[in-house]
Amino acid sequence: QNAGYFGSALARMDKACKGNAFAKSAVEMALIDAVSRTLGLPAWQLLGGKMHQSLPLAWTLASGDVDLDLEEAHHRLQEKRHRIFKIKIGARAPADDVAHVSHIARGLLGQATLTVDVNQAWDGNTARRFLPQMIDAGVTLIEQPVAKWNVEALKTLSATLGDRACIMADETVCTPQDALLLSRAQASHVFSLKVAKHGGLIRTRQV
């Protein structure tokens with residue numbers, strides 16, 4: 001019943017306004033919040049029930065300095081707050097980014113998981129050349145290494161890397177149709193899901 005109610009609300013929004021996922025996400029969240037407060041129920045109960053009591057969170061290392069990033073990561077590990085770390089790259093020359101990430105990966109090897117977000121900065125040839133170096137150093141997941149439209153490169157990288165590391169699609173996957181396209185092409189190992197990017201909690205669940 002709740003799914004039908006929210007589904008009709010989404011359909012009315014789509015009819016009135018094309019695209020604008022971020023704005024629709026905000027409207028949908030407000031709607032879910034209003035209904036949950038009116039009924040005296042938690043939002044998760046409206047959406048089908050609780051599936052987890054807790055989830056591990058990644059911590060982004062963003063100083064740009066190897067020593068500072070490693071110090072911060074080890075501090076988080078000592079506090080037992082995080083065991084997954086993420087670094088965004090792509091602004092510097094690929095070789096410089098790879099050297100930076102590799103130093104940190106080796107410094108965390110065996111203690112934590114390190115992921116890298118290339119932010120669409122590389123073309124397919126650059127990714128094929130430099131990703132193996134980071135994987136050899138200990139990186140286990142690479143997010144959106146190429147432009148969002150370059151599904152063919154994502155497919156090639158996913159097949160080439162095999163089980164050595166995971167390719168994550170982010171900007172490439174926004175709609176359920178995008179998800180189907182990537183799945184059929186076997187163009188990534190995992191999706192980055194973001195409520196605002198997909199247009200709300202219900203559409204995120206659809207993806």
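Each value in this text was obtained by applying a stated rule to the coordinates, not by laboratory testing. Treat the numbers as computed from the prediction; the structure is a model and nothing was measured. Reconstructed Cβ throughout: ideal geometry from the backbone, glycine too, with neighbour counts over all protein chains shown.
Between helix 124-137 and the chain there is an angle of about 70 degrees, using the helix long axis and the longest principal axis of the Cα atoms. The calculated 222 nm mean residue ellipticity attributable to helices in the chain amounts to -16500 deg cm²/dmol, summing -39500 (n - 2.57) over DSSP H runs of n ≥ 4 and dividing by all residues. For the range 1-83, the relative contact order comes to 20 percent (Cα pairs under 8 Å, sequence separation of at least 6). For ILE84, the residues whose amide H sits under 5 Å from its own are TRP59, THR113, ignoring neighbours fewer than 5 places away on the same chain, with H placed 1.01 Å from N. Taking amide H as placed 1.01 Å from N in the peptide plane, THR140 has its amide H under 5 Å from the amide H of LEU114, each at least 5 places away in sequence or on another chain. So which of LYS24/LYS86; LYS18/LYS197; LYS15/LYS88 end up more than 26 Å apart, counting from Cα to Cα? Violating the 26 Å Cα-Cα cut-off are LYS24/LYS86; LYS15/LYS88.
A dipole drawn for the range 51-207 from +1 and -1 charges on Cβ atoms has a positive end, and of GLN53, THR160, PHE85 the residue lying farthest that way is GLN53.
The three principal axes of the Cα atoms in the range 6-93 give end-to-end lengths of 52, 35, 17 Å, sorted in falling order. Normalised by the number of residues in the chain, the average gap of Cα pairs under 8 Å and 6 or more apart makes the relative contact order 19 percent.
Direction-averaged projected area, Cα convex hull, the chain: 13.3 nm², rounded to one decimal.
Springs between alpha-carbon atoms under 10 Å, Gaussian network over the chain: tell me which of THR156, THR38, THR60 tops the mean-square fluctuations. Looking only at THR156, THR38, THR60, the biggest GNM fluctuation is shown by THR38. Taking the empirical scaling 2.2 N^0.38 Å for compact globular proteins as reference, the range 110-207 has a Cα radius of gyration ratio of 1.06. For the range 57-157, the calculated P(r) over all alpha carbon pairs, in 10 Å bins from 0 to the bin holding the longest distance, is 16, 50, 26, 7, 0 percent.
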